[in-house]
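Written out below as structure tokens is the structure these notes cover.
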Amino acid sequence: MTETYWVRIAKDNLVFSAGHFITFAGGTCERVHGHNYRVEAEIFGPLDENHYVVDFIAARDALAQIVGELDHRMLLPTAHPQIHVVADGKEVTAKFEDRRWVFPQAECVLLPVPNTTTELLARYVGRRLLDLLQERTGVRPQHLRIAIDENYGQWGVCELRGE
């Protein structure tokens, strides 16, 4: 019989409110709008010398830091082939076809994603979590799952292995 261990972190404070817009096939771009996102993480791995997968406090605090960086911000994709995002130190301009938005730079998070879908936000959060856990604990988990709820039951999930 094999054993598999993981921890799940789903705290009430792991939420953020943010604005975004996404594009759909065929060149459709939705209006700027926002969500109250909830974040959950599952971290898989063997038990360490303390008999746990990961330090709950380190994981909880790392997730809280990431959530805090996204909270009350405009989320903009920097890897989209048709959305051009330019930051000049004071403002961020985003352009899509004949549409143009200008935001204060301090109120934006420029994300290395092609679209700000919940699935890609989950990937971003997961990769940031891996980096922060390695930085804080010296251990980089080889398997984790991040789930982000954008609308009370509409989840985007990303599972990362071997990152």
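For the pair His33 and Gln142, label points projected 7 Å from Cα toward Cβ lie 4.2 nm apart.
Calculated mean residue ellipticity, 222 nm, the chain: -7000 deg cm²/dmol, from DSSP H runs (n ≥ 4) at -39500 (n - 2.57) each, averaged per residue and rounded to 500. GNM on the chain, alpha-carbon springs under 10 angstrom: the most fluctuating residue among Val54, Val113, Val102 is Val102. The loop-placed chymotrypsin sites (Phe, Trp or Tyr not before Pro) in the range 103-163, going by DSSP, that have at most 13 neighbouring Cβ atoms within 10 Å of their Cβ come out as Tyr152. Among the chymotrypsin sites (Phe, Trp or Tyr not before Pro) in the range 15-70, those placed in a DSSP loop whose Cβ has at most 12 other Cβ atoms within 10 Å are Tyr52. Short to long, the 10 Å bins of the Cα pair-distance histogram for the chain hold 10, 38, 31, 16, 5, 1, 0 percent of all pairs. Inter-label distance, Glu159 to Asp71: 3.1 nm, where each label sits 7 Å from its Cα along the C-beta direction.
Structure remark: mean-square fluctuation, Gaussian network model of the chain, C-alpha springs under 10 Å; the largest value among Asp55, Asp131, Asp88 belongs to Asp88. With 0.36 nm allotted per residue and the present C-alpha distance subtracted, the Thr78-Arg100 stretch has 6.4 nm of extension available. Among the protein heavy atoms of the chain, carbon and sulfur supply 49% of the accessible surface, probe 1.4 Å, non-protein parts ignored. Rounded to the nearest whole Hz, the Karplus-based 3J(HN,Hα) values (6.51 cos²θ - 1.76 cosθ + 1.60, θ = phi - 60°) of the range 59-70 follow the sequence 5, 4, 5, 5, 4, 4, 5, 4, 4, x, 5, 9, with x at glycine and proline. Computed over protein heavy atoms with a 1.4 Å probe, the accessible surface of the chain works out to 56 Å² per residue.
The antiparallel fraction among DSSP beta bridges confined to the chain stands at about 85%.
The distance linking the range 105-157 with the range 1-60 is 6 Å (Cα centroid to Cα centroid, whole angstrom). Pick out, from Tyr152, Val86, Phe16, the residue whose Cα sits farthest towards the positive end of the charge dipole of the chain, with +1 on the Cβ of Lys and Arg and -1 on the Cβ of Asp and Glu. Positive-end residue among those listed: Val86.
Of the residues Ala94, Ala41, Ala25, the one that moves most in a GNM of the chain with alpha-carbon contacts below 10 Å is Ala25.
The values are calculated or read from the model by the stated rules, or taken from the named source; none is laboratory data. None of these values were measured; they are calculated from a predicted model. In this analysis, Cβ positions are derived from the backbone assuming ideal geometry, glycine residues included, and neighbour counts consider all displayed protein chains. SASA here: full protein model, heavy atoms, side chains in, ligands and nucleic acids out. Shrake-Rupley method; radii C 1.70, N 1.55, O 1.52, S 1.80 Å.
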